[in-house]
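The values are calculated or read from the model by the stated rules, or taken from the named source; none is laboratory data. Bear in mind the structure is a predicted one, so any value in this text is a computation, not a measurement. Using ideal geometry, Cβ is built from the backbone for each residue, glycine included, and neighbour counts are taken over all protein chains shown.
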Amino acid sequence: MPHEIVVQNEKGKTMLTLSNVRTALMVVVLSVGLLMMGRGGYIQAKAWLAQVLIAQAWQQQTATGIPTKPWSWADTSPIAQLILPNGEQQTVLAGVSGRNLAFGPTLQLFTAKPDEQGNVVIYGHNDTHFKSLETAKIGDGIEVQDEYGKIVRYIVTSVRVVNQQETKVAAQTPWSQLTLITCYPFITVSVNGPLRWVVTAIPA
């Protein structure tokens with residue numbers, strides 16, 4: 001006979017076996033897992049839909065030459081198109097913020113714009129828009145199209161992990177350079193850890 005846990009209440013005794021407790025725990029664990037999967041699916045869907053709207057705004061913007069918000073309440077607009085080493089195309093928003101990062105890669109303020117000399121610094125989330133950077137390697141090609149339609153091709157020269165306090169990776173440079181930054185590691189249950197995955201490239 002399995003061990004029993006006895007719970008006394010006003011109506012009498014309720015007998016709970018260890019197997020019942022284990023079953024209840026399994027239900028709780030599965031429920032939490034499904035909740036987390038649902039949240040992950042929501043984040044993925046949100047990121048995908050945002051990129052569709054941002055890409056539409058980019059097309060209108062390049063056709064008219066007028067900065068175009070991807071949705072009415074947005075406080076940003078597209079500033080570049082980015083083709084990652086695996087061929088994924090992402091539309092980059094102007095200005096790094098937690099809110100903008102939820103919708104797409106973002107160009108850091110006060111660094112070079114695409115096709116300007118200096119360090120073009122772009123941030124993205126490692127579970128959505130910059131997820132594919134996990135497989136980036138030296139020699140890979142990256143393309144950036146600026147808001148005037150000019151395309152700059154880059155070759156990856158460095159892939160490394162740094163502490164978030166190592167801010168020099170995002171500092172300006174006297175030469176042309178592209179720096180893509182995302183959180184590290186890529187597969188983790190925690191968020192906003194201290195490490196960053198940095199991919200550096202120079203014009204081809």
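Results, tabulated for the structure shown:
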{"quantity": "Within the stretch 153-187, tally of residues that are basic (K, R) and outside any strand (DSSP E or B)", "calculated": "1"}
{"quantity": "Scan of the stretch 154-176 for residues that are small (G, A, S) and closer than 19 Å to L109 by Cβ, ordered by number", "calculated": "A170, A171, S176"}
{"quantity": "Selection from the stretch 153-172 of residues that are β-branched (V, I, T) and modelled with pLDDT of 95 or more", "calculated": "I155, V156, T157, V159, V161, V162, V169"}
{"quantity": "Whichever residue in the stretch 140-152 is touching a residue at least 12 places away in the same chain (Cβ under 8 Å) and in a strand (DSSP E or B) and, among such residues, is farthest from N86 (Cα to Cα)", "calculated": "D146"}
{"quantity": "Looking only at the stretch 177-203, and only at residues there that are over 23 Å from G104 (Cβ atoms) and modelled with pLDDT of 95 or more, the one that is nearest to the chain's Cα centre (by Cα)", "calculated": "I202"}
{"quantity": "Within the stretch 188-204, tally of residues that are part of a loop (DSSP other than H, G, I, E, B) and either under 18 Å from Y123 (Cβ atoms) or out of contact with any strand residue (DSSP E or B) (no Cβ under 7 Å at 6 or more places or on another chain) (or both)", "calculated": "7"}
{"quantity": "Answer residue from the stretch 115-160, given it is under 13 Å from V198 (Cα atoms) and among the charged types (D, E, K, R) and is nearest to the chain's Cα centre (by Cα) among those", "calculated": "K131"}
{"quantity": "Those residues of the stretch 95-129 which are in contact (Cβ under 8 Å) with a residue 24 or more places away in the chain, among the polar types (S, T, N, Q) and part of a loop (DSSP other than H, G, I, E, B), in sequence order", "calculated": "Q108, T111, Q117, N126, T128"}
{"quantity": "Top-ranked residue of the stretch 125-152 - restricted to ones that are touching a Lys or Arg at 6+ places or on another chain (Cβ under 9 Å) and at pLDDT 95 or above, ranked as surrounded by the fewest Cβ atoms within 10 Å (Cβ to Cβ)", "calculated": "G141"}
{"quantity": "Hey, G65 at positive phi and at pLDDT 90 or above or not", "calculated": "no"}
{"quantity": "Yes/no for V159 being over 24 Å from L53 (Cβ atoms), out of contact with any Cys (no Cβ under 9 Å at 6 or more places or on another chain) and either surrounded by 14 or more Cβ atoms within 10 Å (Cβ to Cβ) or free of Cβ contacts under 8 Å to residues at least 12 places away in the same chain (or both)", "calculated": "yes"}
{"quantity": "Checklist (1) in a loop (DSSP other than H, G, I, E, B); (2) within 22 Å of G141 (Cα to Cα); (3) within 13 Å of the chain's Cα centre (by Cα) applied to T91, failing item", "calculated": "(1)"}
{"quantity": "Scope the stretch 95-112; condition surrounded by fewer than 17 Cβ atoms within 10 Å (Cβ to Cβ) and out of contact with any Leu (no Cβ under 7 Å at 6 or more places or on another chain); matching residues", "calculated": "S97, G98, R99, A102, L109, F110"}
